[in-house]
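What follows is a set of notes on a single structure, which appears directly below.
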Amino acid sequence: MENKKQLRHWLDAMGLDHPLVIAGPCSAETEEQVLNIAHQLKESDATVFRAGIWKPRTRPGNFEGVGALGLKWLQKAKQETGLMITTEVANPHHVELALEHDVDIFWIGARTTVSPFIVQDIADALRGTNKPVLIKNPVNPDLSLWLGAVERFYKADIENLGVIHRGFSTYEKTRYRNNPEWQIAVDLQNRFPDLPLILDPSHIAGRRDIIFDLSQTALDLNYDGLMIETHHDPDNAWSDAAQQITPKELIKYTEDLRIRKESGDDAAFTNKINTLRTKIDVIDHQLIEILGKRMKVADDIGQLKKDHNVAVLQSKRWNEILGKMILEGEEKNLSEEFILRMFKAIHQESINHQEDIINH
Ligand code: PEP
Ligand code: MN
């Protein structure tokens with residue numbers, strides 16, 4: 001897939017002077033719920049109304065969506081509010097039904113993107129339509145799998161495309177429901193700068209309180225839009241209750257978010273430097289995470305040394321580590337002096353941790 005301007009034609013054609021906002025409930029629940037939320041969103045910056053009709057659930061038994069019936073409610077919401085509508089399609093039958101109900105934009109869910117067979121079936125079903133297709137990242141952190149799905153649509157002559165970054169699942173429990181792994185989306189953005197990139201902070205967060213900050217990071221990284229789950233009564237939503245916000249909150253968020261506009265030399269410079277700084281912030285955050293992980297392993301070693309009555313400091317092992325790291329550092333253009341200083345500091349912190357463990 002080359003880098004083609006027409007990938008973002010659908011977005012440019014909207015003529016927005018701010019990033020695209022897609023909002024609406026996780027799931028369509030009832031006709032009243034859909035219409036209530038859509039009418040409230042008419043007063044917001046949202047251009048597109050989202051609602052899941054068929055819900056892919058990790059475990060059976062949770063609410064699995066109202067099914068085709070809900071498409072009529074979406075269609076009504078579109079007629080009454082003028083908002084465009086989007087829903088997730090997970091097989092060719094969904095595509096057929098959604099096309100019959102004037103769905104404007106299709107999205108491919110994270111559990112679908114992982115399967116090239118299903119992605120191919122959906123791409124074939126959409127061949128020949130000019131409806132935009134937004135592809136969510138696969139649940140696992142695999143850029144090729146994500147790009148592969150985009151390519152399958154592109155090869156099916158679908159040129160109105162975009163991607164949605166919704167985070168990646170991890171076995172380990174973190175503060176996120178799905179780890180953002182910003183670097184993966186930034187790599188994708190570097191390779192395909194014309195492919196619209198949209199953040200779904202709701203599924204990354206899994207909780208309301210960090211949606212604003214995630215959205216701000218995305219805007220600082222020059223994302224093209226946001227998809228935010230919005231419900232008139234979030235606590236009583238039938239799915240993803242903890243992460244939905246009200247339409248009023250969404251309006252406040254979009255007022256408070258800083259948007260960096262590219263225009264004029266000065267603005268272009270500020271925009272570029274802010275994007276680069278945000279990339280540094282993302283990497284610094286990863287550094288802290290990884291140092292925290294390293295220290296946890298050092299703690300385990302401390303415990304083991306305590307149980308076996310072994311001394312904290314073992315200079316032979318430490319010199320081996322240093323030697324290896326100096327060589328690896330050279331390959332990355334990092335000076336010996338820097339590597340020495342950094343690892344001395346890390347090592348000292350490990351020793352402090354282990355002494356703490358042994359003395360308590
Ligand atoms: C959703 O958007 O409601 C959804 C199910 O998302 P994902 O595919 O990212 O889990
Ligand atoms: Mn959801």
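A few notes on this one:
- In this structure, Ala345 and Phe63 have a Cβ-Cβ separation that, at R0 = 56 Å, corresponds to a calculated FRET efficiency of about 0.65.
- Most positive-pole-ward Cα, Ala51, Leu221, Gly302, against dipole of the chain from beta carbon charges: Gly302
- Within the range 126-202, the chymotrypsin sites (Phe, Trp or Tyr not before Pro) that combine a DSSP coil assignment with at most 16 other C-beta atoms in a 10 angstrom radius are Tyr171.
- Length-normalised contact order for the range 1-159 - Cα pairs under 8 Å, 6+ apart - percent: 18 percent
- Three semi-axes of the equivalent ellipsoid, the range 267-358, Cα gyration tensor, whole Å, largest first: 34, 18, 8
- Coordinate range along principal axes, alpha carbons of the range 106-182, Å, largest first: 42, 20, 16
- Per residue, the chain exposes 50 Å² of accessible surface when a 1.4 Å probe is rolled over the protein heavy atoms with every protein chain present.
- Calculated over the chain: convex hull of Cα atoms, volume per residue (Å³): 183 Å³
- The chain: angle of helix 31-41 to the longest principal axis, Cα-based, in degrees nearest 10: 70 degrees
- Efficiency of FRET between Ile301 and Glu330 - r from beta-carbon atoms, R0 30 angstrom, step 0.05: 0.65
- Antiparallel content of DSSP bridges confined to the chain, in %, to 5: 5 percent
- Relative to one another, the C-alpha centroids of the range 209-241 and the range 301-332 are positioned 43 Å apart.
- With contacts taken as Cα pairs under 8 Å at a separation of at least 6 residues, the range 267-358 carries a relative contact order of 41 percent.
- Helix 116-126 axis, angle to the chain major axis (alpha carbon atoms, nearest 10°): 30 degrees
- Principal-axis analysis of the Cα atoms of the chain puts helix 211-220 at an angle of about 90° to the longest axis.
- Think of each Lys and Arg Cβ as +1 and each Asp and Glu Cβ as -1; about the Cα centre, that makes the dipole of the range 5-256 roughly 500 debye.
- Calculated SAXS-style log₁₀ I(q)/I(0) at q = 0.15, 0.16, 0.20 Å⁻¹ - the range 19-68, Debye, Cα scatterers: -0.44, -0.50, -0.70
- With DNA, RNA and ligands ignored, accessible area of Glu249 (1.4 Å probe; Å², nearest 10): 70 Å²
- Considering only alpha-carbon pairs that sit under 8 angstrom and 6 or more positions apart, the relative contact order computed for the chain is 14 percent.
- Pairwise label distance in nanometres, Leu276 with His18, each label 7 Å out on the Cα-Cβ vector: 3.0 nm
- Accessible surface of the chain, 1.4 Å probe, proportion on carbon and sulfur as whole %: 51 percent
The values are calculated or read from the model by the stated rules, or taken from the named source; none is laboratory data. Please read these numbers as outputs of a predicted model, since none were measured by experiment. Backbone-built Cβ (ideal geometry, glycine too); neighbour counts: all protein chains shown. Note: accessible area is taken over every heavy atom of the protein model, side chains too, but ligands, DNA and RNA are not part of it. Shrake-Rupley method; radii C 1.70, N 1.55, O 1.52, S 1.80 Å.
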